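Worksheet: the structure to be examined is printed underneath.
FYI, it's all coordinate maths here, none of it is from the lab. On a predicted model such as this, the values are computed, not experimentally measured, just so you know. Don't worry about glycine lacking a Cβ; one is built from the backbone with ideal geometry, like all the others, and counts go over all protein chains shown.
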Amino acid sequence: MVEDEVAVVIEREVALLTPEVRSSADQLEELLDPDFEEIGKSGHLWTRGEMIAALVAGTDPEEPRIKVSDMSGRTVGPGIVLLTYDTQLEGRRAPQLSMGPVDEGVAGPAPPGHPHCVADPAPNMDARPSRH
């Protein structure tokens with residue numbers, strides 16, 4: 001059922017925004033698809049390994065929670081869900097876009113050629129040195 005698919009992806013996306021998950025490589029590896037990619041606001045393409053390392057290194061499990069509002073989702077193809085929502089952290093508000101499959105136990109990305117895209121993946125994430 002389409003509504004169930006959207007609910008599953010929303011649940012995973014919300015989990016990915018918690019400091020407990022963002023500070024745990026094991027939990028991130030469990031949630032993120034092996035082919036996960038993310039395009040940061042600077043245009044940097046983050047691989048799954050880079051993103052996990054950056055999130056674990058840059059997240060304190062006791063830090064303030066990212067506030068999520070106006071999250072909605074819809075299917076855009078068989079087993080593919082597109083989410084849109086806003087986040088707010090320390091006074092910064094950012095629109096978010098996330099697309100991913102409805103597979104058992106994993107979130108993002110969609111099939112090759114449709115990267116998981118987030119407008120602002122984490123505070124100051126793109127301020128780190130780029131390897132390009």
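Let's see how each residue does on (1) surrounded by 11 or more Cβ atoms within 10 Å (Cβ to Cβ); (2) part of a strand (DSSP E or B); (3) more than 11 Å from the chain's Cα centre (by Cα):
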residue	(1), (2), (3)
Glu5	yes, no, yes
Ala54	yes, no, yes
Asp60	no, no, yes
Ser69	no, yes, yes
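Among the residues of segment 18-31, those that are buried (at least 17 other Cβ atoms within 10 Å of the Cβ) and either in contact with a strand residue (DSSP E or B) (Cβ under 6 Å, 6 or more places away or on another chain) or of a type in the set (Val, Ile, Thr) (or both) comprise Val21, Leu31. There is no residue in segment 48-64 that is in contact with a strand residue (DSSP E or B) (Cβ under 6 Å, 6 or more places away or on another chain) and small (Gly, Ala, Ser). Taken over segment 71-106, the criterion of being of a type in the set (Gly, Ala, Ser), in a strand (DSSP E or B) and under 15 Å from Asp4 (Cα atoms) is satisfied by Ser72, Gly73, Gly77, Gly100. Among residues of segment 32-47 being among the charged types (D, E, K, R) and surrounded by 18 or more Cβ atoms within 10 Å (Cβ to Cβ), the one that is farthest from Met71 (Cα to Cα) is Glu37.
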